[in-house]
Amino acid sequence: WAALDVFEKEPLSEDDPLRELENVYLTPHVAGGFSPDVFTRNARTVISDAVAVLEGRQPENLITPEILARMT
């Protein structure tokens, strides 16, 4: 069995052989990203990191530190 939500070419074409397999579950790439829990968690993360920046602290989820360095 397999569950897949990322494909080499997206969206997955209607005639892709994966669609014929009975032991494979296929979902859109963003299938897990639209639940109320995800929205709540993302909002809290963004707010927490924004407050950190406004208080002069490094945000917890910093991906590009060079951007923050230019802002200070």
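The values are calculated or read from the model by the stated rules, or taken from the named source; none is laboratory data. Remember, it's a predicted structure, so these values are computed and weren't measured experimentally. Note: ideal-geometry Cβ built from the backbone for every residue, glycine included; neighbour counts use all protein chains shown. For the accessible areas, the whole protein counts, side chains as well, though only heavy atoms, and no ligand, DNA or RNA atoms are used. Shrake-Rupley method; radii C 1.70, N 1.55, O 1.52, S 1.80 Å.
Would you calculate the convex hull of the Cα atoms in the chain and tell me its volume per residue in Å³? Provide the component values of the computation, followed by the final result.
On the way: hull volume 9.5 nm³, N = 72.
Looking at the chain, the number lands at 132 Å³ per residue.
Taking R0 as 35 Å, what FRET efficiency do you get between ASN23 and ARG44 from their Cβ-Cβ distance, rounded to the nearest 0.05? Working shown, then result.
Working: r = 37 Å, r/R0 = 1.07.
Given R0 = 35 Å and the Cβ-Cβ separation, E is 0.40.
Which length gain, in nm to one decimal place, applies between LEU4 and ASN61 when the Cα-Cα distance is subtracted from 0.36 nm times their residue separation?
Numbers: separation 57, 0.36 × 57 = 20.52 nm, distance 2.67 nm.
In short, 17.9 nm is gained.
Expressed as a whole percentage, what fraction of the accessible surface of the chain belongs to carbon and sulfur atoms when a 1.4 Å probe is rolled over the protein heavy atoms?
Working: 3660 of 6340 Å².
That fraction is 58 percent.
Heavy-atom accessible area per residue, segment 4-66, 1.4 Å probe: how many Å²?
Working: 5390 Å² over 63 residues.
Per-residue value: 86 Å².
If you line up the long axis of helix 36-54 against the longest principal axis of the chain, both from Cα atoms, how many degrees apart are they, to the nearest 10?
That works out to roughly 30 degrees.
Using 0.36 nm times the number of residues separating ARG70 and VAL53, minus their current alpha carbon distance, what extension gain do you get? Write out the running numbers ahead of the final one.
Details: separation 17, 0.36 × 17 = 6.12 nm, distance 1.25 nm.
Extending this stretch completely gives an extra 4.9 nm.
Which is the longest run of the chain containing none of the trypsin sites (Lys or Arg not before Pro) found in DSSP loop states (not H, G, I, E, B) with at most 11 other C-beta atoms within 10 Å?
On the way: sites that count: LYS9, ARG57.
Counting only loop sites that pass the neighbour cut-off, the longest clear stretch is 10-56.
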